[in-house]
């Protein structure tokens, strides 16, 4: 019912409201990131409260932007790079808000929000018009496959941010120069624990995304696996995280090594996401 | 109506002298009464801690007052004045106010920023209130001192970060482990500092303490103290696999723990992080161990330099605190000045005159056209009412009674006159 309402609202006053919402949320993410970075250096509690409120507001606008676009396009808006990047950022913020609610690590925002803003900024530079969906993509798998993939990638993005925080904190503790960020960064143990949990969340999501993608490919193109660059890189990413989990459980690779691996894994995620789309031609290029 | 501070502290007097002129609990109530019974000492508070003995007073005469308090201290403790005179400092006026604020904010403490002094000051104040030896001036001074100390605590970082080795160890442990309650601590060897560090860890949540010592009896003894478990010295390596924090302080002259051994332990515990504190001199643990993944080794020098860094951070913060104090001393002095009779007389007159003029204007407007003579009569009427009403308070304020300051304060309160006049 609300979707219909949004469809009527969509071309409100000749302005595309989804773009309006998108730009509003991007500006708020920008201000929030700035405050979050200042907080990392100054450590005043008021700053962390301020940027959290801004992120919540930005997230509401962001959600409205996605919902209005969904109503206009009648499918999950993830079919061009603008939509996909914005949706990816949305998933990261969703996870961020959840972790912040659960663990209250104020300084997490200083590491995650700039990444979110960068994603929004690159998204904003991309063409935004809604094109008719190619018949190949018209399938209920679209929503399932992409949602799984994006949530998984968002978990890996968070693990990346947490991994960087771990390395900084571990550096402070090893070199015994305890100043600045040291006080505001949480304990190594909690960073390692959240990092591990995020990867155990992201890995099954990625696995399911690859499986649903294969099933979808079978129904759309008639073959499960075609060694398309996106598929290859997803598989490489999958292997990296499989190794992360394996060495952790089997060989006790935790802490610093786990943090470094989660950073390498995310580089692979980013390449799968952007690199493949921008550099290599393949059947995922519609995205 | 003069604030005076008279006392000794850890900088001016050695512990022996401080002990001799201290006012322990049972003597304090009596001393407060005896001191304020002296003519010319209108209010008094005695702060007596192990690092300082100070008397805060309100004296009538700035020339004779200090001598009276000195005489009181000397005769109360039967110590000749010459013995204490060198150690004794006397501060008056702005200096006295500043001193009290600095004491409350722990800027004058032996350990800069330590929090106990504020509590001790509050206790001394409460005792004096109980004995009714404070009045308007010292009450205000103490309340202000407490609020200044709180302001400094929140606006500066003077009380943050550990300034002792054992606290530094606890803070580090909290940055490695999220939850200390599930951690296991092992004391390797025994020393006062090691015990203290373990004690702080236990106070911060650690529940399991293991004690390894070359003499097993000593290990048992210590373990009993901590409600922990003694460990045979030759099996401590095996126990380390389940230990998260090790505090080492043996008298050994060489390393009791080598890199290879710790490597072996880390494999056994699947690389779970380990925090090793080596407070022995000479060091008992190979410093190379810090290079192992997930092992954090701190020796006594490391902890000392953290403490030093935190102390110099506190000194930097103390500069900010001094600025706050300077500001608050000004505010306090302005208030105190407003208690003088003369500005109160001026302010009260002004207030009455303002009201008279305003009401007169209203009345004349309502009455409409009046001739000059009629206006004069009405004006004279208002004048004489105001003057008659103000006469008794003015006489009281101008008189030479000893409690004029209280009168002035009361009048300001009753008439809602703020202490703005300087």
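Could you grab the pairs with beta carbons closer than 7 Å, sequence gap of 6+ or different chains, first residue in the range B:145-157 and over 26 Å from residue B:309 (Cβ atoms), second one in a loop (DSSP other than H, G, I, E, B)?
B:148/B:105
How many of the residues in the range B:172-194 are part of a helix (DSSP H, G or I), touching a helix residue (DSSP H, G or I) at 6+ places or on another chain (Cβ under 9 Å) and without any contact (Cβ under 8 Å) to a residue 24 or more places away in the chain?
Residues meeting the conditions: 1.
Of everything in the range B:195-205 that's without any contact (Cβ under 8 Å) to a residue 40 or more places away in the chain and either assigned to a helix (DSSP H, G or I) or out of contact with any helix residue (DSSP H, G or I) (no Cβ under 9 Å at 6 or more places or on another chain) (or both), which residue is farthest from the other protein chains (Cβ to nearest Cβ)?
Within the range B:195-205, the subset without any contact (Cβ under 8 Å) to a residue 40 or more places away in the chain is B:195-196, B:199-200, B:202-205.
Next, only the ones that are either assigned to a helix (DSSP H, G or I) or out of contact with any helix residue (DSSP H, G or I) (no Cβ under 9 Å at 6 or more places or on another chain) (or both) stay: B:195-196, B:199-200, B:202-203.
Details: B:195: 24, B:196: 20, B:199: 21, B:200: 17, B:202: 19, B:203: 18 Å.
Looking at the filtered set, the residue picked out is B:195.
Is there a residue being within 14 Å of chain A (Cβ to nearest Cβ), assigned to a loop (DSSP other than H, G, I, E, B) and touching a strand residue (DSSP E or B) at 6+ places or on another chain (Cβ under 6 Å) anywhere in the range B:239-257?
yes
Please find, within the range B:81-104, the residue that is nearest to the chain's Cα centre (by Cα) out of those that are free of Cβ contacts under 8 Å to residues at least 60 places away in the same chain and within 30 Å of residue B:309 (Cβ to Cβ).
Ranking the qualifying residues of the range B:81-104, first place goes to B:104.
Pick from B:325, B:289: which is within 12 Å of chain A (Cβ to nearest Cβ), touching a helix residue (DSSP H, G or I) at 6+ places or on another chain (Cβ under 9 Å), in a helix (DSSP H, G or I) and crowded, with 20+ Cβ neighbours inside 10 Å?
B:289
Can you pull out every residue in the range B:212-238 that is outside any helix (DSSP H, G or I), more than 18 Å from residue B:173 (Cβ to Cβ) and in contact with a strand residue (DSSP E or B) (Cβ under 7 Å, 6 or more places away or on another chain)?
B:212, B:229, B:230, B:231
For residue A:93, are the conditions met, namely being closer than 16 Å to residue A:29 by Cα, touching a helix residue (DSSP H, G or I) at 6+ places or on another chain (Cβ under 9 Å), in the same structural domain as residue A:31 (by TED's automatic domain parsing) and touching a residue at least 12 places away in the same chain (Cβ under 8 Å)? Lay out the reasoning, then the answer.
Details: closer than 16 Å to residue A:29 by Cα: yes; touching a helix residue (DSSP H, G or I) at 6+ places or on another chain (Cβ under 9 Å): yes; in the same structural domain as residue A:31 (by TED's automatic domain parsing): yes; touching a residue at least 12 places away in the same chain (Cβ under 8 Å): yes.
Against the criterion (closer than 16 Å to residue A:29 by Cα, touching a helix residue (DSSP H, G or I) at 6+ places or on another chain (Cβ under 9 Å), in the same structural domain as residue A:31 (by TED's automatic domain parsing) and touching a residue at least 12 places away in the same chain (Cβ under 8 Å)), residue A:93 qualifies.
Quick one: is residue B:139 farther than 30 Å from residue B:303 by Cα and at pLDDT 90 or above? Let's see the steps before the verdict.
Numbers: farther than 30 Å from residue B:303 by Cα: yes; at pLDDT 90 or above: yes.
Answer is yes for this residue.
What number of residues within the range A:241-262 are touching a residue at least 12 places away in the same chain (Cβ under 8 Å) and surrounded by 19 or more Cβ atoms within 10 Å (Cβ to Cβ)?
Qualifying residue count, the range A:241-262: 10.
If residue B:224 satisfies all but one of (1) crowded, with 16+ Cβ neighbours inside 10 Å; (2) within 37 Å of the chain's Cα centre (by Cα), what's the number of the condition it fails?
Residue B:224 satisfies all of (1) crowded, with 16+ Cβ neighbours inside 10 Å; (2) within 37 Å of the chain's Cα centre (by Cα) except (1).
Which one of these does residue B:126 not meet: (1) surrounded by 18 or more Cβ atoms within 10 Å (Cβ to Cβ); (2) in the same structural domain as residue B:33 (by TED's automatic domain parsing); (3) farther than 28 Å from residue B:309 by Cα?
(1)
Could you tell me how many of the residues in the range A:247-277 are within 14 Å of another protein chain (Cβ to nearest Cβ) and assigned to a helix (DSSP H, G or I)?
The number of residues fulfilling the criteria is 11.
I'd like the full set of residues that are in contact (Cβ under 8 Å) with a residue 12 or more places away in the chain and surrounded by fewer than 20 Cβ atoms within 10 Å (Cβ to Cβ), limited to the range B:52-65.
The answer is B:60, B:61, B:62, B:64.
Scan the range A:177-235 for residues that are in a helix (DSSP H, G or I), within 14 Å of another protein chain (Cβ to nearest Cβ) and either touching a helix residue (DSSP H, G or I) at 6+ places or on another chain (Cβ under 7 Å) or in contact (Cβ under 8 Å) with a residue 24 or more places away in the chain (or both) and report the count.
Counting residues in the range A:177-235 that are in a helix (DSSP H, G or I), within 14 Å of another protein chain (Cβ to nearest Cβ) and either touching a helix residue (DSSP H, G or I) at 6+ places or on another chain (Cβ under 7 Å) or in contact (Cβ under 8 Å) with a residue 24 or more places away in the chain (or both) gives 12.
Being farther than 14 Å from residue B:247 by Cα and away from chain A (no Cβ under 12 Å) is the filter here, so list the residues in the range B:266-285 that pass it.
Restricting attention to the range B:266-285, the residues satisfying the condition of being farther than 14 Å from residue B:247 by Cα are B:266-273, B:282.
Correct list: B:282 only.
Confirm whether residue B:78 is assigned to a loop (DSSP other than H, G, I, E, B), more than 27 Å from residue B:339 (Cα to Cα) and without any contact (Cβ under 8 Å) to a residue 12 or more places away in the chain.
For residue B:78, the condition - assigned to a loop (DSSP other than H, G, I, E, B), more than 27 Å from residue B:339 (Cα to Cα) and without any contact (Cβ under 8 Å) to a residue 12 or more places away in the chain - is met.
Sort out which residues of the range B:304-321 are away from chain A (no Cβ under 14 Å) and surrounded by fewer than 17 Cβ atoms within 10 Å (Cβ to Cβ), and write them in order of number.
B:315, B:319, B:320
Return the residue satisfying two criteria in turn: it lies in the range B:179-194 and is surrounded by fewer than 18 Cβ atoms within 10 Å (Cβ to Cβ) and within 13 Å of another protein chain (Cβ to nearest Cβ), and of such residues it is nearest to residue A:182 (Cα to Cα). Write out each step before concluding.
Step one: filter the range B:179-194 for residues surrounded by fewer than 18 Cβ atoms within 10 Å (Cβ to Cβ), giving B:179, B:181-182, B:191-192.
Then keep just the ones that are within 13 Å of another protein chain (Cβ to nearest Cβ); that gives B:179, B:181-182.
Details: B:179: 17, B:181: 22, B:182: 23 Å.
Among residues in the range B:179-194 that are surrounded by fewer than 18 Cβ atoms within 10 Å (Cβ to Cβ) and within 13 Å of another protein chain (Cβ to nearest Cβ), the one nearest to residue A:182 (Cα to Cα) is B:179.
When residue B:244 is evaluated against the numbered criteria (1) closer than 30 Å to residue B:112 by Cβ; (2) buried (at least 22 other Cβ atoms within 10 Å of the Cβ); (3) assigned by TED's automatic domain parsing to the domain that holds residue B:198, which criterion, by number, is the only one it fails?
(1)
Residue under question is residue B:107, and the condition is that it be under 21 Å from the mean Cα position of the chain (by Cα) and in a loop (DSSP other than H, G, I, E, B); does it hold?
Criteria met by residue B:107.
Please find, among B:235, B:249, the residue that is more than 22 Å from residue A:170 (Cβ to Cβ) and touching a helix residue (DSSP H, G or I) at 6+ places or on another chain (Cβ under 7 Å).
B:249
Here are some conditions: (1) within 11 Å of chain A (Cβ to nearest Cβ); (2) free of Cβ contacts under 8 Å to residues at least 40 places away in the same chain. Residue B:298 meets all but one. Which one does it not meet?
For residue B:298, the exception is condition (2).
Let's see how each residue does on (1) surrounded by 20 or more Cβ atoms within 10 Å (Cβ to Cβ); (2) more than 17 Å from the chain's Cα centre (by Cα); (3) assigned by TED's automatic domain parsing to the domain that holds residue A:99; (4) under 30 Å from residue B:245 (Cβ atoms):
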site	(1), (2), (3), (4)
A:151	yes, no, no, no
A:158	yes, no, no, yes
A:163	yes, no, no, yes
A:167	no, yes, no, yes
A:171	no, yes, no, yes
A:182	no, yes, no, yes
A:188	yes, yes, no, yes
A:193	no, yes, no, yes
A:198	yes, no, no, yes
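Quick check: anything in the range A:135-151 part of a helix (DSSP H, G or I), away from chain B (no Cβ under 14 Å) and closer than 21 Å to residue A:114 by Cα?
Within the range A:135-151, one or more residues are part of a helix (DSSP H, G or I), away from chain B (no Cβ under 14 Å) and closer than 21 Å to residue A:114 by Cα.
Filter the range B:352-376 for residues that are surrounded by 10 or more Cβ atoms within 10 Å (Cβ to Cβ) and over 60 Å from the mean Cα position of the chain (by Cα) and give the result.
Correct list: B:367, B:370, B:374, B:375, B:376.
The values are calculated or read from the model by the stated rules, or taken from the named source; none is laboratory data. Note that the structure is a prediction, hence the values are computed from the model and not measured. Glycine also receives a Cβ, built like all others from the backbone with ideal geometry; neighbour counts cover every protein chain displayed.
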